[in-house]
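*Asks:* The structure follows.
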Amino acid sequence: MLRAVLFDLDGTLLPLDTRSFLKKYTAALSKKISAVMEPDEFLDHLFYATEKMIEDLNSRMTNEEVFWMHMSQRVPDKIETLLPLVNEFYEKDFKLLGRDIPADTKASELVRKVKRKGFKIVLATNPVFPEKAVLERMRWAFLNPEDFDLITTYENMHFCKPHLEYYKEVLDKINEVPENCLMVGNDVEEDMVVKKMGMKTFLVEDFVISRKNGSISWDYQGTLEDLEKLLLSCQHLQGKDHR
Ligand SMILES: [Mg+2]
């Protein structure tokens, strides 16, 4: 019985090429802090701390805490001047990165329809970003935060994709079991991996990321229109609109 749908954001609900977006984003952030540190040096620390955060499986520290712990170890004397600049970046400059993204309400309409069917909805974006940056990217896709039962950010999560611990934490938060959920994403290793737990998986075409020819498979593949047909024809559903 399908009761919840988990949506990835970048390259899934938001039409963008993740790799080129990350390049633009890290270039803009390192420029922002260039008065404090050489951009190349900052990027080196940023990638290091991000990698450590993604690897970390300590359930007592949020991703945000792990990230800043590693940043502080790398540049202990610069953290105090870095933090306000990074905050300002996410409040002001980050918005400008959305300028080239085509305005498209297709994904937000789909989410609303699926919500009306009574499914729980999760924005299961890899929680490596602050909430501000997630909410901003949601705005670019016209997504309404109120339509989601959970939005994963680096403040509220303790694990990252592709670790199954991330998906377990999501399930705990929405009180569901894997068998009742569908994960929708564009990344084979990060999103489709959850099939290993027994969750159903849907690979969204157009911006597929696949790093290696691994053993990961998925249940469905198609466009967001195909997903809509699949979900709206789904009869095995318990929810507030269940008939
Ligand atoms: Mg993605």
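*Asks:* Order these peptides, 121-128, 154-161, by their mean beta-carbon neighbour count within 10 angstrom, highest first.
*Replies:* My ranking of the peptides, most packed first, is 121-128, 154-161.
*Asks:* If you consider only alpha-carbon coordinates, what radius of gyration and Dmax does the stretch 72-194 have, in Å?
*Replies:* When restricted to the Cα atoms of the stretch 72-194, Rg and Dmax are 16.4, 52 Å.
*Asks:* What value, in deg cm²/dmol to 500, does the helix sum -39500 (n - 2.57) over DSSP H runs of n ≥ 4 give at 222 nm once divided by the residues of the chain?
*Replies:* -12500 deg cm²/dmol
*Asks:* Amide H neighbours of residue 182 under 5 Å, counting only residues 5+ apart in sequence or on other chains, H built in-plane at 1.01 Å?
*Replies:* Under 5 Å from the amide H of residue 182: 4, 5, 6.
*Asks:* Compare the peptides 73-83, 218-228, 176-186 by average per-residue count of other Cβ atoms within 10 angstrom and give them in order, highest first.
*Replies:* So the order, starting with the most tightly packed, is 176-186, 218-228, 73-83.
*Asks:* Probe radius 1.4 Å, ligands and nucleic acids ignored: give me the carbon and sulfur share of the accessible area of the stretch 123-195 as a rounded percent.
*Replies:* The value for the stretch 123-195 is 49 percent carbon and sulfur by accessible area.
*Asks:* Which pairs, out of 24/117; 52/195; 32/115; 31/132, put more than 29 Å between their alpha-carbon atoms?
*Replies:* Listed pairs above 29 Å: 24/117; 32/115.
*Asks:* Please state, rounded to one decimal and in Å, the Kirkwood hydrodynamic radius that the chain gives when every pair of distinct Cα atoms enters the mean of 1/r.
*Replies:* Over the chain, the inverse of the mean reciprocal pair distance is 18.7 Å.
*Asks:* Report Rg(Cα)/(2.2 N^0.38 Å) for the stretch 19-98, keeping two decimals.
*Replies:* In units of the 2.2 N^0.38 Å rule of thumb, it is 1.09.
*Asks:* If R₀ is 22 angstrom, what is the calculated FRET efficiency for the pair residue 80 and residue 38, using the beta carbon separation as r and rounding to 0.05?
*Replies:* 0.75
*Asks:* Another question, if that's okay. On the protein heavy atoms, probe 1.4 angstrom, tell me the percent of accessible surface of the stretch 19-98 carried by carbon and sulfur.
*Replies:* Result for the stretch 19-98: 54 percent of the exposed heavy-atom area is carbon or sulfur.
*Asks:* From the phi of every residue in the stretch 57-63, what ³J(HN,Hα) in whole Hz does the Karplus formula 6.51 cos²θ - 1.76 cosθ + 1.60 yield, where θ is phi - 60° and glycine or proline is x?
*Replies:* Once θ is set to phi - 60°, the couplings for the stretch 57-63 become 10, 6, 6, 9, 10, 6, 4 Hz.
*Asks:* Could you give the nm distance between label points at residue 164 and residue 112, where each point is 7 Å from its Cα heading toward the beta carbon?
*Replies:* Taking the simple label geometry, residue 164 and residue 112 are separated by 3.8 nm.
*Asks:* How do 19, 116, 137, 60 stack up against each other in accessible area, from largest to smallest, with a 1.4 angstrom probe?
*Replies:* Sorted descending by solvent-accessible area, the residues read 60, 19, 116, 137.
*Asks:* How high is the relative contact order of the chain, in percent, counting Cα pairs under 8 Å that sit 6 or more residues apart?
*Replies:* 27
*Asks:* Kindly report the accessible area of the chain per residue (heavy atoms of protein chains, probe 1.4 Å, no ligands, DNA or RNA), in Å².
*Replies:* 49
The values are calculated or read from the model by the stated rules, or taken from the named source; none is laboratory data. Note that the coordinates shown come from a computational prediction; the quantities given were computed from them, not determined experimentally. In this analysis, Cβ positions are derived from the backbone assuming ideal geometry, glycine residues included, and neighbour counts consider all displayed protein chains. Note: accessible area is taken over every heavy atom of the protein model, side chains too, but ligands, DNA and RNA are not part of it. Shrake-Rupley method; radii C 1.70, N 1.55, O 1.52, S 1.80 Å.
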